[in-house]
Every structure is written in C-alpha cells, then in structure tokens.
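Okay, structure first, notes after.
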Amino acid sequence: MVNKNIIKIRKKLDLLDNKFLDLIKKRTNLVNQVLKNKKYKNEIIDNKRIKIILKNIKNKSKNKKIDIKLTKRIWYSMIRAYIDYEFRNFKK
C-alpha cells in the first residue's frame, strides 16, 4: 500500500533539493572567483578558515535547534568536496 503522506513529503523534498542545486551553483561560481585569485596550490586548503566555518556552523545550528552533528558533517563534506574541486580546477 502506498502511503500518500510519504509521497507528499517526498515531493516537498524534491523541490527543496532543486533549491539546494541552485545554491550549489551559486556557491560554485563564488568558489571559482576565489580560485582565480589563488596563485599557488598550497593556498587551496586554509585550515584556520575551515575551523572558523565549522565553529560558526556549530553555533548557528545550536541557535536554530538543528542537530549539530548533522550540520557539521554536511559542511565538512561540502568543504572537502570543494577542496577537491579546487585542486581539479587549479590552472596556474
């Protein structure tokens, strides 16, 4: 038997995923702008900035009552993915 509530919720998730893709496109464009300003590959990984980002996400998650472990994992994965992206697209 098909659960109609689950189908409705999944449609909402699909719409939200489309919005995420739009945000990823915008974020990628900004990352490309930053990448154009980097002269050396060793500038790609900035551990100090990564620490600050993850700390901010932790605090914002706490304030918004979102599972901290979940958001930290999402952001860490995104950061690692963009680091990989930058290494693949570095052209100097």
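Within segment 48-71, the set of residues being within 17 Å of residue 82 (Cβ to Cβ) and surrounded by fewer than 10 Cβ atoms within 10 Å (Cβ to Cβ) comprises 48 only.
Among the residues of segment 3-11, is any in contact (Cβ under 8 Å) with a residue 24 or more places away in the chain, more than 19 Å from the chain's Cα centre (by Cα) and either surrounded by 13 or more Cβ atoms within 10 Å (Cβ to Cβ) or not in a helix (DSSP H, G or I) (or both)?
Among the residues of segment 3-11, not one is in contact (Cβ under 8 Å) with a residue 24 or more places away in the chain, more than 19 Å from the chain's Cα centre (by Cα) and either surrounded by 13 or more Cβ atoms within 10 Å (Cβ to Cβ) or not in a helix (DSSP H, G or I) (or both), which makes the answer no.
Of all the listed residues (45, 83), the sole one being surrounded by 10 or more Cβ atoms within 10 Å (Cβ to Cβ), of a type outside the set (Ser, Thr, Tyr) and not in a helix (DSSP H, G or I) is 45. Please determine whether any residue of segment 42-54 is of a type outside the set (Phe, Trp, Tyr), over 18 Å from residue 20 (Cβ atoms) and touching a residue at least 40 places away in the same chain (Cβ under 8 Å). Scanning segment 42-54 turns up at least one residue that is of a type outside the set (Phe, Trp, Tyr), over 18 Å from residue 20 (Cβ atoms) and touching a residue at least 40 places away in the same chain (Cβ under 8 Å).
Does residue 20 satisfy the condition of being of a type outside the set (Ser, Thr, Tyr) and touching a residue at least 24 places away in the same chain (Cβ under 8 Å)?
Answer is no for this residue.
Pairing each residue of segment 60-78 that is in contact (Cβ under 8 Å) with a residue 12 or more places away in the chain with any residue that is surrounded by 12 or more Cβ atoms within 10 Å (Cβ to Cβ) and among the β-branched types (Val, Ile, Thr), provided the two are 6+ apart or on different chains, yields C-beta distances under 7 Å for 71/57; 72/57; 75/53; 75/57.
A short reminder: the numbers here are calculations on the coordinates, not readings from a lab. Since the structure is predicted, the reported quantities are computational estimates derived from the model, not experimental observations. Reconstructed Cβ throughout: ideal geometry from the backbone, glycine too, with neighbour counts over all protein chains shown.
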